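I'd like to ask you about the structure that follows.
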Amino acid sequence: MKGYRKILIAVNGSKDVLKEGIKIAQDEGCWVTVVKVIPPYEGELNLTGIKDIEDVLMSRAKGVISDIKDVARSEGALIKTRVETGEASKGIIEAAEEEGCDLIILGASRKKGLRRLFGDNVVRKVIDHAPCPVLVVKGY
């Protein structure tokens, strides 16, 4: 590739994107940060029956991070993980800026295009506003 030093892999459910990103990072010999962005809860808390919805959302994120670390271990990679709360594109861009990343890797599904994995316009927003090149991995 191009001699990248730090890669940010944004995950939203696909372990294949994570594996592909780790493979690229290993080929480049660079650092990897994996970010998972969870949306803020904006609903009516009285209707959920759950007193602290943020704790529930964070516990799910912790499960995802655990899965990410398992994949990294199986691939023989050392990674840094981050959980961000908010709009996905903003969380990805801010993480890339704060980490000083040279490349952002996102995934997109063949079946439903870019919206399948990250939702409406997230990939487009990241591409348009990222501080570095963005690699969209298709086919997962």
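Just the residues that are on the phi > 0 side of the Ramachandran plot and either open to solvent by 60 Å² or more (accessible area, probe 1.4 Å) or modelled with pLDDT of 85 or more (or both), please, taken from the range 119-140. Let's see the steps before the verdict.
First, pick out the residues of the range 119-140 that are on the phi > 0 side of the Ramachandran plot: 119, 121, 139.
Within the range 119-140, N121 is the sole residue that qualifies.
One line per residue, one yes/no per condition, for (1) in a strand (DSSP E or B); (2) at pLDDT 95 or above:
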| position | (1), (2) |
| --- | --- |
| V71 | no, no |
| E84 | yes, no |
| G91 | no, yes |
| A95 | no, yes |
| G107 | yes, no |
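Determine if the range 16-29 includes at least one residue that is at pLDDT 90 or above, more than 23 Å from S89 (Cβ to Cβ) and not charged (D, E, K, R).
There is at least one residue in the range 16-29 that is at pLDDT 90 or above, more than 23 Å from S89 (Cβ to Cβ) and not charged (D, E, K, R).
Whether any residue in the range 38-50 is touching a Pro at 6+ places or on another chain (Cβ under 8 Å), modelled with pLDDT under 95, surrounded by 14 or more Cβ atoms within 10 Å (Cβ to Cβ) and part of a strand (DSSP E or B) is what I want to check.
No - not one qualifying residue is present in the range 38-50.
Also, quick follow-up: Taking only pairs six or more apart or across chains, which ones have beta-carbon atoms under 8 Å, a first residue in the range 10-26 that is more than 22 Å from G86 (Cβ to Cβ), and a second residue that is open to solvent by 50 Å² or more (accessible area, probe 1.4 Å) and part of a helix (DSSP H, G or I)?
K15/D67
For V34, state whether it is of a type in the set (V, I, T), surrounded by 13 or more Cβ atoms within 10 Å (Cβ to Cβ) and in a strand (DSSP E or B). Can you show your working first?
Numbers: of a type in the set (V, I, T): yes; surrounded by 13 or more Cβ atoms within 10 Å (Cβ to Cβ): yes; in a strand (DSSP E or B): yes.
Yes, satisfied.
The values are calculated or read from the model by the stated rules, or taken from the named source; none is laboratory data. No experiment lies behind these values; they were computed from the predicted model shown. As a convention, Cβ positions derive from the backbone with ideal geometry for all residues, glycine included, and neighbour counts pool all protein chains shown. Each accessible area value is taken on the protein alone, full model and side chains, heavy atoms only, with ligands, DNA and RNA left out. Shrake-Rupley method; radii C 1.70, N 1.55, O 1.52, S 1.80 Å.
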